[in-house]
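Data first, discussion second: the structure below is written as structure tokens.
The values are calculated or read from the model by the stated rules, or taken from the named source; none is laboratory data. All of these numbers come straight from a predicted model, not from anything done at the bench. Please note: Cβ atoms are built from the backbone with ideal geometry, for glycine as well, and neighbour counts cover all protein chains shown.
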Amino acid sequence: MDRYIHKPSVNCCKYCNSTNIVKYGTFQGMQRYFCKNCRRKFADNDAIPKMKTPVWIIALALNCYYDGMSIEAIQKEINQRHGAYYAQSSIYNWIIRFSTEAVRQAKAFQPVVSDRWLLTITPVTTCIHRFWFLDMFDIDSEYLLASRLSETGSKQEIINFLETTHTKARKTLNHPVSIFIPDNISNYESIDIITGKNMVKPYWIVKADKRRIEEHDKLLKKRTGLIRRLNNINNVQSFTAAWQIHYNFLTDNIALRLTRKSGMSLFLNWTDIITHSTT
């Protein structure tokens, strides 16, 4: 879990990053500053522009949420550990805002992948619907290449997911990919018909080992618990994308260790995402 402390001093404007700032008195014991460049005033409260809540508090809430804690539990955690009270509605709004921001910042990221991928299909029932999660992992790095929420779990949706993921993630490869598919897809061999007879197959379909599927199911349990609490389809889609980012870049797993080792890591922590927010 991320732990943060207040910055020892302010050396630039939180609005324009200018160093041309001067102290501008205090308010309720908090030092204020004035920027001579953009002519704005701001407080030394570890908050991003137009917010009063310290970045590290918001980062703690996001980290706890994507690790599986409910908003009520997060509220208690912040209050007990830091003596600060925030309404559950405020915490929920932080999660919505910065989950969307994380997805925006990661949109153009292109991971380096191997030629062995694993497809997992996870059913989950929420208070509004029954869904199927389609997830594609890079086997060598455990990097979660793509996630899609399916309302039917049909074979055609699976095929569309394979094609879309392959088109987006295979840019660094020049040979076919082996995609391991679980045997809970009936007649899984029939999926391997999406290319014409005279075309080079972009990937090969292989039956996945049951043990490997079970290992990845354990990784996805936290997300399943999170999704079950949601009651809005749009939020389910948004949180699915944000959880993928949390898993790949912000948790202690094989994917994170390998991406950082190879210099691919996009974020250091939720504080990084919040600080670079443009909203």
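Would the stretch 74-81 turn up any residue that is in contact (Cβ under 8 Å) with a residue 60 or more places away in the chain and crowded, with 17+ Cβ neighbours inside 10 Å? Spell out how you get there, then give the answer.
In the first step, residues of the stretch 74-81 are kept if they are in contact (Cβ under 8 Å) with a residue 60 or more places away in the chain; the result is none.
So far as the stretch 74-81 goes, no, none of its residues is in contact (Cβ under 8 Å) with a residue 60 or more places away in the chain and crowded, with 17+ Cβ neighbours inside 10 Å.
Determine whether residue 98 is under 30 Å from residue 55 (Cβ atoms) and of a type in the set (Phe, Trp, Tyr). Talk me through it step by step, then tell me what you get.
On the way: under 30 Å from residue 55 (Cβ atoms): yes; of a type in the set (Phe, Trp, Tyr): yes.
Spelling it out, residue 98 is indeed under 30 Å from residue 55 (Cβ atoms) and of a type in the set (Phe, Trp, Tyr).
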> Mind checking which pairs have a first residue in the stretch 237-248 that is within 14 Å of residue 224 (Cα to Cα) and a second that is in a helix (DSSP H, G or I) and at pLDDT below 85, Cβ under 6 Å, 6 or more apart or different chains?
Replying inline: 243/223
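To keep it simple, each residue is scored yes or no on (1) at pLDDT 90 or above; (2) farther than 22 Å from residue 235 by Cβ; (3) outside any helix (DSSP H, G or I); (4) not hydrophobic (A, V, I, L, M, F, W, C).
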residue	(1), (2), (3), (4)
49	no, yes, yes, yes
53	no, no, yes, yes
58	yes, no, no, no
64	yes, no, no, no
89	yes, no, no, yes
> Which condition does residue 134 not pass, out of (1) under 21 Å from residue 209 (Cβ atoms); (2) in contact (Cβ under 8 Å) with a residue 60 or more places away in the chain, if it passes all the others?
Replying inline: (2)
> Taking the stretch 71-87 as the search range and keeping residues that are at pLDDT below 90 and small (Gly, Ala, Ser), which one is farthest from residue 228 (Cα to Cα)?
Replying inline: 83
> Looking at the stretch 145-180, which of the residues that are buried (at least 16 other Cβ atoms within 10 Å of the Cβ), among the hydroxyl-bearing types (Ser, Thr, Tyr) and part of a strand (DSSP E or B) is modelled with the highest pLDDT?
Replying inline: 147
>> Could you go through the stretch 65-73 and let me know if any residue there is in contact with a helix residue (DSSP H, G or I) (Cβ under 7 Å, 6 or more places away or on another chain), small (Gly, Ala, Ser) and within 29 Å of residue 147 (Cβ to Cβ).
In response: yes
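Restrict the check to the stretch 97-105 and report whether at least one residue is assigned to a loop (DSSP other than H, G, I, E, B) and in contact (Cβ under 8 Å) with a residue 12 or more places away in the chain. Give the derivation first.
Filtering the stretch 97-105 for residues assigned to a loop (DSSP other than H, G, I, E, B) gives none.
No, the stretch 97-105 contains no residue that is assigned to a loop (DSSP other than H, G, I, E, B) and in contact (Cβ under 8 Å) with a residue 12 or more places away in the chain.
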> Counting just the residues of the stretch 104-142 that are of a type in the set (Phe, Trp, Tyr) and at pLDDT below 85, which one comes out surrounded by the fewest Cβ atoms within 10 Å (Cβ to Cβ)?
Replying inline: 109
